[in-house]
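Data first, discussion second: the structure below is written as structure tokens.
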Amino acid sequence: MPAPSSAPEQRFSDRVENYVRYRPSYPLEIIPLLQRETGLIPQHVIADVGSGTGISAELFLRAGNVVHAVEPNCDMREAAERLLAHFPNFHSVSASAQATTLPEHSVDFIVAAQAFHWFNTPETRAEFTRILKPDGHVVLIWNERRLDSTPFLQAFEQLLITFGTDYTKVRHENVNTAALGAFFRGAYATHTFGYEQRFDFEGLKGRLLSSSYAPAAGQPRHDEMIAELRRIFEVYQESGQVCFEYDTRLHLGR
């Protein structure tokens with residue numbers, strides 16, 4: 001089976017519409033947490049690296065921050081530019097985590113939401129050190145889908161294992177505590193929030209097809225995968241919906 005593009009910046013080019021419509025946002029509690037733990041204020045400048053379609057950038061824009069959204073994928077970046085154009089503090093940057101093009105020591109916070117596992121860590125660490133102010137913070141965020149907390153989620157996980165092109169290789173849980181410890185300077189803190197999404201079948205299908213490892217229409221096993229998704233939905237839906245449960249993990253350090 002042909003795998004998706006091996007270049008991370010190209011993997012989601014054909015997934016943008018589903019990504020915008022069906023990917024989860026992040027808990028609103030993140031901003032108050034950062035205000036308490038770091039003294040985040042509206043005057044702080046944010047670099048959202050690997051910003052994608054702008055889901056995480058919007059949290060900080062609504063808090064009044066200037067956000068430089070750094071994204072190498074043209075399709076995802078243009079989606080963010082459309083969705084966030086009404087925020088005057090939003091700045092779109094065509095660049096990578098390894099070479100953001102931002103000035104030296106110019107940002108107070110670096111945020112990477114659902115993105116850090118795609119980065120080249122040694123080069124990224126050097127670039128983050130270059131652009132971050134000496135007393136700045138790094139915030140790494142992932143929505144971790146619960147794999148086995150309900151029978152539906154167990155069945156959905158098995159579907160990904162069965163049909164995903166390279167699912168087990170690219171899942172973000174592969175970034176372990178050793179990798180995080182090597183990245184951060186000294187100790188870092190981890191905070192966890194609960195989050196959920198509810199979908200009818202069309203939403204569930206869109207959520208599946210927003211993932212780079214799910215065979216798209218016309219690719220081998222796509223139709224078989226969608227048929228199995230329909231079967232799972234019919235077995236586990238309640239009042240026409242199924243529920244995705246997440247643990248949102250936020251790693252905060254320097």
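Taking region 69-96 only, how many residues are over 19 Å from Asn18 (Cβ atoms), under 16 Å from the mean Cα position of the chain (by Cα) and outside any loop (DSSP other than H, G, I, E, B)?
2
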*Since Asn176 meets every condition but one in (1) out of contact with any Lys or Arg (no Cβ under 7 Å at 6 or more places or on another chain); (2) under 19 Å from Gln197 (Cβ atoms); (3) not β-branched (Val, Ile, Thr), which condition does it not meet?*
(2)
_For Glu202: the one exception among (1) part of a helix (DSSP H, G or I); (2) open to solvent by 60 Å² or more (accessible area, probe 1.4 Å); (3) over 24 Å from Met76 (Cβ atoms); (4) modelled with pLDDT of 95 or more_ = (3)
*Note down all Cβ pairs under 7 Å where the first residue falls in region 233-250 and is part of a helix (DSSP H, G or I), the second is open to solvent by 70 Å² or more (accessible area, probe 1.4 Å), and they're at least six residues apart or on different chains.*
Tyr236/Pro151
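Quick grid of which residues meet (1) in contact (Cβ under 8 Å) with a residue 40 or more places away in the chain; (2) assigned to a helix (DSSP H, G or I); (3) among the hydrophobic types (A, V, I, L, M, F, W, C):
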| residue | (1), (2), (3) |
| --- | --- |
| Glu104 | no, no, no |
| Glu123 | no, yes, no |
| Arg130 | no, yes, no |
| Leu160 | yes, yes, yes |
| Thr165 | yes, no, no |
*Selection within region 142-161 - under 24 Å from Trp118 (Cβ atoms), open to solvent by 40 Å² or more (accessible area, probe 1.4 Å) and not charged (D, E, K, R)*: Leu147, Ile161
_Looking only at region 34-64, how many residues end up being buried (at least 24 other Cβ atoms within 10 Å of the Cβ), of a type outside the set (Gly, Ala, Ser) and not in a helix (DSSP H, G or I)?_
4
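Table: residues versus (1) surrounded by 18 or more Cβ atoms within 10 Å (Cβ to Cβ); (2) closer than 23 Å to Ile30 by Cβ.
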{"residue": "Phe183", "(1), (2)": "yes, yes"}
{"residue": "Gly194", "(1), (2)": "no, yes"}
{"residue": "Leu209", "(1), (2)": "yes, no"}
{"residue": "Pro220", "(1), (2)": "no, no"}
{"residue": "Ile232", "(1), (2)": "yes, no"}
{"residue": "Gln241", "(1), (2)": "no, no"}
{"residue": "Tyr246", "(1), (2)": "yes, yes"}
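The values are calculated or read from the model by the stated rules, or taken from the named source; none is laboratory data. Computed from a prediction, not measured in an experiment: that's the story for all the values here. When we count neighbours, we look across all protein chains shown, and the Cβ atoms used for this are built from the backbone with ideal geometry, even at glycine. These area figures cover heavy atoms from the full protein model, side chains too; ligands, DNA and RNA do not enter into them. Shrake-Rupley method; radii C 1.70, N 1.55, O 1.52, S 1.80 Å.
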